[in-house]
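Would you mind keeping the following structure in view while I ask a few things?
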Amino acid sequence: MPIVAIPAADALAQLDRFGTVIDARSESEYAEDRLPGAVNWPSLHDAERAAIGYEYKQVSPFEARRRGAVLVARNIAAHLEREAMDQPKDWQPLVYCWRGGMRSGALATVLSQVGWRVHLLEGGYREYRRAVLAALDELPGRLDLRVVCGVTGSGKSRLLQRAAALGAQVLDLEALAEHRGSVLGLVPGRPQPGQKLFESHLWDALRRFDPARPVVVESESRKVGDLRVPDKLVERMRAAPCLRLELPLDARVALLLQEYDFFVRDTEAFCGRLDALRVLRGHETVNRWQALARAGGHPQVVRELLEQHYDPLYLQSMARHFAGFTAPQRKLAWDGSEATLDSVARELAAL
C-alpha cells in the first residue's frame, strides 16, 4: 500500500484519528520532546546513531550507510515483532523522525509493504515543532479565559482539579509544568519536563478546548518553575476577568502543610529550599525560619512565609499585571472544608 505523505498542519489537525503515532528517532530525541501520545520505535538507538554519525564523517558515507542499513533493519524487525503483530489490517499509523527522511522512511516502507496504510509526517519533528509554535501564538486568542486569583495557599490548584472533574474546561499550567509555582514548588521525585515538551503538552491541552465555553486558568506568572509560559497566553491571561478565591489564613496554613507534607517529613529539604530566600528576606530571617522548622515549628514558618513573603509579593504582582484583579468578576470564598470547596467548584463549573 502506498505511503501517504502528510503536512504537519494537517497531521496535527487529525492527530487523534491515527491508530498509533510512532516516533522513529532515538531515545534521547524522544525524551526531549515528541508528538502527544507518540510511542518510540527507534530506527537507530542513541549509541548506534552516534557510531554511524562518526563513521559517516570520519570513515566513509557509503560504509556508514551500509552499516546503518543493517542496524535499522534489525531494529525495525524487533519493533514489528514486539509491537505490531496484533495490529489489525485497518491500522493506520503516523510515522515521523527528525526531518521525515531515512529513519522514518525505512520504517514506513516496511509497514506499508505489510499492507497497512501508513502516513509519513512531511518534514518530521522539525515541521511539527514549527507548527506547535505557530499554534501557541494563535490558539490563546480563541479562548474565553477566566483567571482564578488568590494568595498562596488559598487552594487554587485544588479548586481547578475539582472544577475539571465537574466538567469545567480547565488549563492547569502547574500540572503541565510539574511544578507548584513558587520557590518551594518543585515536587521531590518529579522533575519538570523540558521547555519543548512542556509546550507540546500545552498545545495538546489548548487544542482540545471548545472556544464557545470559558476556560479557567490559575493566575500564573511568566514562568512556572524553570519553564516559560508562551507570551500570547500570558497576554490573554493578564487581560482576562479574574475570579478571586479567598480562604482564611489559618486554613491556608493547614492546607499548605497538607499539600507540602513531604517538607514536613524532610525538614532538611525544606530548609534547603528556604536558602533561596536569603537575598529577599535576609540571612537572619531565613536562619530563624530554618531553626523553627528544625524544632518542629513548621506551622509558624508557613504562617510567616505567607504574611511576610508570599502575600505582599503576590498582591503587588497581581495588581501590576492582571487587569481584572482589583475588580474581580466574582469572589469565591471557602473555609477549607470539602463541602465548601465542592460548592465553589460547582459555581466555577457553571460559568
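The values are calculated or read from the model by the stated rules, or taken from the named source; none is laboratory data. This is a predicted model, so every value here is computed, not measured. Cβ placement follows ideal geometry from the backbone for every residue including glycine, while neighbour counts extend to all protein chains displayed. All accessible areas refer to the heavy atoms of the entire protein, side chains included, with ligands and DNA or RNA removed. Shrake-Rupley method; radii C 1.70, N 1.55, O 1.52, S 1.80 Å.
Among the residues of the stretch 263-281, are any among the aliphatic types (A, V, I, L, M) and in a loop (DSSP other than H, G, I, E, B)?
The answer is no, given that none of the residues of the stretch 263-281 is among the aliphatic types (A, V, I, L, M) and in a loop (DSSP other than H, G, I, E, B).
Then there is this: With the checklist (1) open to solvent by less than 60 Å² (accessible area, probe 1.4 Å); (2) modelled with pLDDT under 95; (3) under 22 Å from Val151 (Cα atoms) in hand, flag the one item Ala251 doesn't pass.
With respect to (1) open to solvent by less than 60 Å² (accessible area, probe 1.4 Å); (2) modelled with pLDDT under 95; (3) under 22 Å from Val151 (Cα atoms), Ala251 is out only on (2).
Can you pull out the residues in the stretch 297-319 that are among the small types (Gly, Ala, Ser) and either crowded, with 19+ Cβ neighbours inside 10 Å or touching a residue at least 40 places away in the same chain (Cβ under 8 Å) (or both)?
Within the stretch 297-319, just Ser317 meets the criteria.
Right, here's the next one. Please specify each residue of the stretch 320-350 satisfying the condition of being open to solvent by 60 Å² or more (accessible area, probe 1.4 Å), assigned to a helix (DSSP H, G or I) and among the hydrophobic types (A, V, I, L, M, F, W, C).
Ala339
Hey, another quick one. Being hydrophobic (A, V, I, L, M, F, W, C), assigned to a loop (DSSP other than H, G, I, E, B) and touching a strand residue (DSSP E or B) at 6+ places or on another chain (Cβ under 8 Å) is the filter; apply it to the stretch 130-189 and report the residue that is nearest to Met318 (Cα to Cα).
Only one residue fits best here, namely Leu143.
Return the residues of the stretch 282-291 that are surrounded by fewer than 18 Cβ atoms within 10 Å (Cβ to Cβ) and outside any loop (DSSP other than H, G, I, E, B); say none if nothing qualifies.
Residues satisfying the conditions are His283, Glu284, Thr285, Asn287, Arg288, Ala291.
Next question. Is there a residue in the stretch 213-228 that is over 28 Å from Val344 (Cβ atoms), touching a residue at least 60 places away in the same chain (Cβ under 8 Å) and open to solvent by less than 60 Å² (accessible area, probe 1.4 Å)?
No, every residue in the stretch 213-228 fails to be over 28 Å from Val344 (Cβ atoms), touching a residue at least 60 places away in the same chain (Cβ under 8 Å) and open to solvent by less than 60 Å² (accessible area, probe 1.4 Å).
Hey, among Ala9, Ala13, Ala64, Ala47, which residue is of a type in the set (A, V, I, L, M, F, W, C), more than 25 Å from Val114 (Cβ to Cβ) and crowded, with 18+ Cβ neighbours inside 10 Å?
Selected residue: Ala64, the only one of Ala9, Ala13, Ala64, Ala47 that is of a type in the set (A, V, I, L, M, F, W, C), more than 25 Å from Val114 (Cβ to Cβ) and crowded, with 18+ Cβ neighbours inside 10 Å.
I would also like to ask the following. Any residue at all in the stretch 186-203 that is open to solvent by 40 Å² or more (accessible area, probe 1.4 Å) and acidic (Asp, Glu)?
no
Let me ask something else. Can you find a residue that is without any contact (Cβ under 8 Å) to a residue 40 or more places away in the chain and hydrophobic (A, V, I, L, M, F, W, C) anywhere in the stretch 134-153?
yes
Here is a further query. Can you pull out the residues in the stretch 130-144 that are open to solvent by less than 30 Å² (accessible area, probe 1.4 Å) and farther than 18 Å from Arg228 by Cβ?
Let us first name the residues in the stretch 130-144 that are open to solvent by less than 30 Å² (accessible area, probe 1.4 Å), namely 131-132, 135-136, 139-140, 143.
Hits for the stretch 130-144 are Ala131, Leu143.
Could I ask something else about it? Looking at (1) among the basic types (Lys, Arg); (2) assigned to a helix (DSSP H, G or I); (3) closer than 17 Å to Thr20 by Cα, find the lone condition where Lys89 falls short.
Of the numbered conditions (1) among the basic types (Lys, Arg); (2) assigned to a helix (DSSP H, G or I); (3) closer than 17 Å to Thr20 by Cα, the odd one out for Lys89 is (2).
Further question: Could you list, in sequence order, all residues of the stretch 94-116 that are basic (Lys, Arg) and touching a Leu at 6+ places or on another chain (Cβ under 9 Å)?
Answer for the stretch 94-116, where residues must be basic (Lys, Arg) and touching a Leu at 6+ places or on another chain (Cβ under 9 Å): just Arg103.
Pull out all pairs, ordered by first then second residue, where Cβ-Cβ is under 6 Å, the residues are six or more apart or on different chains, the first lies in the stretch 262-280 and is touching a residue at least 12 places away in the same chain (Cβ under 8 Å), and the second is among the β-branched types (Val, Ile, Thr).
Hits for this filter: Leu274/Val286; Ala276/Val183; Leu277/Val286.
Output yes when any residue across the stretch 121-136 is within 30 Å of Arg244 (Cβ to Cβ) and modelled with pLDDT of 95 or more, and no when none is.
yes
Pairs needed: first member in the stretch 93-117, assigned to a strand (DSSP E or B); second member anywhere, open to solvent by 40 Å² or more (accessible area, probe 1.4 Å) and at pLDDT 95 or above; C-beta distance under 6 Å; at least 6 residues apart or different chains.
Pro93/Gly19
List the pairs whose first member sits in the stretch 230-252 and is closer than 18 Å to Arg207 by Cα and among the acidic types (Asp, Glu), whose second member is assigned to a strand (DSSP E or B) and open to solvent by 10 Å² or more (accessible area, probe 1.4 Å), and whose Cβ atoms are under 9 Å apart, counting only residues at least 6 apart or on separate chains?
Filtered contacts from the stretch 230-252: no entries.
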